[in-house]
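One structure is given below, encoded as structure tokens.
The values are calculated or read from the model by the stated rules, or taken from the named source; none is laboratory data. None of the values given here were measured: they were computed from a predicted structure. Here the Cβ is made from the backbone with ideal geometry for all residues, glycine too, and neighbour counts use every protein chain on show. These area figures cover heavy atoms from the full protein model, side chains too; ligands, DNA and RNA do not enter into them. Shrake-Rupley method; radii C 1.70, N 1.55, O 1.52, S 1.80 Å.
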Amino acid sequence: IESALLDPEGVWKNISNAELCTIIHALGSLRKVPSEAFLLAWQTRFYKSTASYSSWMLSSALWGFARMRVRPSMRFLRRWNVEIRAEMSNASSQALACMAWAAAQFMLPRPSDALFEGWYLGVVKKQHAMSEEELIDTIWAMGRYRLDSEHPLWTIMLDQLVSRNPERFNGLHISNGLWAVSLCNRRGISAEQRDYLVRLTDQALVNSSGGDLCCMLHSLVRLHVDLPEPFLRRWSDALSPHVGKLTMREMTLALMAMGEMDQTMDRFTDLQESMTKRMEYLESVVVQQLAKEGVAARPYAKASSGSNNPSKPSPPSPHSGSGKLLSEDGCSGIAMASLPDIITRSKNLA
């Protein structure tokens, strides 16, 4: 297929902009990364085209690169920025969400004020047409870019969130959304929003992955949500079968959240013990691997005794704007330097 498309006298010569963007979108959907030669030819064809691009073409192309986890060239991005300014007012809710998700996935530089304002006005206009996936994509992107909690878009998105049927969200949606809201929300959320977030999370516990469950609890605790006893019991029961497959970072998130609820630690004794054993096992695997590679295992630096918070978690793995999910870990990124302190605290709390 690549050979056919790259033939200068074949399909490539007369391919339209819509067909060009559909190709990269399809490759993203398949998670199929083409050769460097193909990517170079594709991007050259993109920015040399004399015809304009629609918002759908532009969002599809950027989304395709993000799904492949291939960062596009600066020449592509410059042309993309020029084109999207003229098309932002025509963008659909899906296009707005997809371009936000893709930009946040790459952590592209913050857009200019004019470009952001155009995107923001488009979201305000299309908010009621957003699907649940598009809503979460947008919220997740706001979290990735650390959009100030005072920005009116947070009020709009949270109002949209609480207006939706909780059963239309899955565990990955919820963990992504909670992560973003808890990261950026410094002004607090309303009692209605807190109640909704608990109901939203509760209905998805049984079918959520272990990583998403850890991220959910961590985010709710960070939002200072008063979690009722039945909810905590169901969360613990839902997580228990997943402990044997949890990563170090996922367990650290859960243990950090548990540590913030000192008065409820007796509920988690068995869960904590199994998680601590799992963490110690994973630590031993790391040490053994280092030994096999001939690397001397240096003692981990201990976390400061005056700090209860190891390094901040990085964002959970996002889902795509079209509803296809990226099946990866939930909240991630706790520094290994804090591992001994986390294990010690979890033992003491248990």
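Residue by residue, here is whether (1) over 18 Å from residue 149 (Cβ atoms); (2) among the small types (Gly, Ala, Ser) holds:
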{"position": "183", "(1), (2)": "no, no"}
{"position": "191", "(1), (2)": "no, yes"}
{"position": "201", "(1), (2)": "yes, no"}
{"position": "209", "(1), (2)": "yes, yes"}
{"position": "225", "(1), (2)": "no, no"}
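Looking for something of a type in the set (A, V, I, L, M), within 22 Å of residue 105 (Cβ to Cβ), open to solvent by less than 10 Å² (accessible area, probe 1.4 Å) and in contact with a Leu (Cβ under 9 Å, 6 or more places away or on another chain) - is there at least one such residue anywhere in the stretch 162-179?
Checked the stretch 162-179: at least one residue is of a type in the set (A, V, I, L, M), within 22 Å of residue 105 (Cβ to Cβ), open to solvent by less than 10 Å² (accessible area, probe 1.4 Å) and in contact with a Leu (Cβ under 9 Å, 6 or more places away or on another chain).
Test residue 112 against the stated conditions and say whether it is within 16 Å of residue 181 (Cβ to Cβ) and among the hydroxyl-bearing types (Ser, Thr, Tyr). Break it down stepwise before answering.
Numbers: within 16 Å of residue 181 (Cβ to Cβ): no; among the hydroxyl-bearing types (Ser, Thr, Tyr): yes.
Taking the combined requirement at face value, the residue does not satisfy it.
Taking the condition closer than 23 Å to residue 145 by Cα, of a type in the set (A, V, I, L, M) and touching a helix residue (DSSP H, G or I) at 6+ places or on another chain (Cβ under 9 Å), does residue 220 pass?
yes
Condition check ((1) assigned to a helix (DSSP H, G or I); (2) within 25 Å of residue 198 (Cα to Cα); (3) in contact with a helix residue (DSSP H, G or I) (Cβ under 8 Å, 6 or more places away or on another chain)) across all residues:
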| site | (1), (2), (3) |
| --- | --- |
| 85 | yes, no, yes |
| 89 | yes, no, yes |
| 100 | yes, no, yes |
| 128 | yes, yes, yes |
| 147 | no, yes, yes |
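Considering only residues that are among the aromatic types (Phe, Trp, Tyr) and open to solvent by less than 40 Å² (accessible area, probe 1.4 Å), look in the stretch 44-59 and name the one that is farthest from residue 101 (Cα to Cα).
Ranking the candidates gives 46 first.
List the residue pairs whose Cβ atoms are under 7 Å apart, where the first residue sits in the stretch 156-170 and is under 14 Å from residue 201 (Cβ atoms) and touching a residue at least 12 places away in the same chain (Cβ under 8 Å), the second is part of a loop (DSSP other than H, G, I, E, B) and open to solvent by less than 30 Å² (accessible area, probe 1.4 Å), and the two are 6 or more positions apart or on different chains.
Taking only residues 6 or more apart or on different chains, the pairs are 169/204; 170/204.
If you go through the stretch 78-133, how many residues are of a type in the set (Asp, Glu), closer than 17 Å to residue 144 by Cα and over 20 Å from the mean Cα position of the chain (by Cα)? Step through it out loud before you land on a result.
So the first thing to find is which residues in the stretch 78-133 are of a type in the set (Asp, Glu), and the list is 83, 87, 113, 117, 132-133.
Keeping just the survivors that are closer than 17 Å to residue 144 by Cα gives 133.
Subsequent filtering for residues that are over 20 Å from the mean Cα position of the chain (by Cα) retains none.
Of the residues in that region, 0 qualify.
Looking only at residues in the stretch 9-18 that are surrounded by fewer than 12 Cβ atoms within 10 Å (Cβ to Cβ) and not in a loop (DSSP other than H, G, I, E, B), which one is modelled with the highest pLDDT?
By that ranking, first place goes to 14.
Of everything in the stretch 136-153, what is among the aromatic types (Phe, Trp, Tyr) and modelled with pLDDT of 95 or more? Give them in sequence order.
140
In the stretch 106-140, which residue that is hydrophobic (A, V, I, L, M, F, W, C) and farther than 23 Å from residue 169 by Cβ is most open to solvent (accessible area, probe 1.4 Å)? So that I can check it myself, show each step before the final result.
Let us first name the residues in the stretch 106-140 that are hydrophobic (A, V, I, L, M, F, W, C), namely 106-108, 114-116, 119, 121, 123-124, 129-130, 135-136, 139-140.
In the following step, the residues that additionally are farther than 23 Å from residue 169 by Cβ were identified as 106-108, 114-116, 119, 121.
Details: 106: 25, 107: 80, 108: 21, 114: 78, 115: 20, 116: 54, 119: 28, 121: 98 Å².
Per the stated criteria, the residue is 121.
Please go through the stretch 29-43 and give me each residue that is in a helix (DSSP H, G or I), loosely packed, with under 11 Cβ neighbours inside 10 Å and in contact (Cβ under 8 Å) with a residue 12 or more places away in the chain, ordered by number.
37
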